[in-house]
Amino acid sequence: MPAPARSRHRPDVAVLRIGHRPGRDPRLTTHLALAARALGASRLFLHPPDPELAERISAVVRRWGGAFEVVGVSQWKPVLENYRGGVIHLTMYGEPVARTIPRLKNGRRLLVVVGGAKVPPTLFGLADHNIAVGAQPHSEVAALAVLLDRLLGPTPNTRFRGAAQRIVPTRRGKRVVRAGERRQR
């Protein structure tokens, strides 16, 4: 029996990071943005805004390509209320990810909300889906990576448009090719 045809539809996924603490959380939020970009999200709404972090991610996009952007927002609630698409809250208290993925794959636009240490209780009621990758304490970066991988599938390629450089996958060592170069390092 042949395998079922895989849908080519990939929803546009944005991420909303609430509760970022500039000066205190830059590494964690940077990793969240990098994972979101690499695994297929189109943008990160960052609450509260952190222009320095946004510029660091923009530099990554300029160097490695793609169309990912960081948008600073002073209030997170209007982003949810005005978003035209499904809202997913990643929380260890939600429904198991495996149970909800089939419904989410049909969405055209999805907003994944990733909170910090203390999430406002109202968020649970504002989200269309409260989803858990595990009912144990875990990293929000790991949770986002698992969700995006299951939702969007394996990263389709390692080349992003407009890249100034790209990695050539190798079994051992490192190879980076700059735009316009033919030889590999």
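Kindly establish whether residue 45 is in contact with a Lys or Arg (Cβ under 6 Å, 6 or more places away or on another chain) and either modelled with pLDDT of 95 or more or surrounded by fewer than 18 Cβ atoms within 10 Å (Cβ to Cβ) (or both). Show your work before the answer.
Numbers: in contact with a Lys or Arg (Cβ under 6 Å, 6 or more places away or on another chain): no; either modelled with pLDDT of 95 or more or surrounded by fewer than 18 Cβ atoms within 10 Å (Cβ to Cβ) (or both): yes.
Answer is no for this residue.
Okay, residues lined up against (1) out of contact with any helix residue (DSSP H, G or I) (no Cβ under 6 Å at 6 or more places or on another chain); (2) aliphatic (A, V, I, L, M); (3) within 19 Å of residue 36 (Cα to Cα); (4) crowded, with 18+ Cβ neighbours inside 10 Å:
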{"position": "111", "(1), (2), (3), (4)": "yes, yes, yes, yes"}
{"position": "148", "(1), (2), (3), (4)": "yes, yes, yes, yes"}
{"position": "152", "(1), (2), (3), (4)": "yes, yes, yes, no"}
{"position": "159", "(1), (2), (3), (4)": "yes, no, yes, no"}
{"position": "168", "(1), (2), (3), (4)": "yes, yes, no, no"}
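Report, ordered by the first and then the second residue, all pairs with beta carbons closer than 6 Å, sequence separation of six or more or different chains, a first member in the stretch 161-173 that is within 16 Å of residue 67 (Cβ to Cβ), and a second member that is assigned to a loop (DSSP other than H, G, I, E, B) and at pLDDT below 90.
164/179; 166/159
Taking the options 129, 138, name whichever one is touching a residue at least 12 places away in the same chain (Cβ under 8 Å), touching a helix residue (DSSP H, G or I) at 6+ places or on another chain (Cβ under 6 Å) and of a type outside the set (Gly, Ala, Ser). Outline the logic, then answer.
Working: 138 fails: touching a helix residue (DSSP H, G or I) at 6+ places or on another chain (Cβ under 6 Å).
From the options 129, 138, the qualifying one is 129.
Can you say whether residue 153 is on the phi > 0 side of the Ramachandran plot and of a type outside the set (Asp, Glu), as far as the supplied structure shows?
Working: on the phi > 0 side of the Ramachandran plot: yes; of a type outside the set (Asp, Glu): yes.
Answer is yes for this residue.
For the stretch 29-72, which residues satisfy the criterion of being in contact (Cβ under 8 Å) with a residue 40 or more places away in the chain, out of contact with any Leu (no Cβ under 9 Å at 6 or more places or on another chain) and not aliphatic (A, V, I, L, M)?
31, 62, 63, 64, 65, 66
Anything in the stretch 117-167 that is out of contact with any Ser or Thr (no Cβ under 9 Å at 6 or more places or on another chain), among the basic types (Lys, Arg) and over 19 Å from residue 107 (Cβ atoms)? List them, or say none.
118, 159, 161
The values are calculated or read from the model by the stated rules, or taken from the named source; none is laboratory data. Keep in mind that this is a model prediction, so the values were computed, not measured. Here the Cβ is made from the backbone with ideal geometry for all residues, glycine too, and neighbour counts use every protein chain on show.
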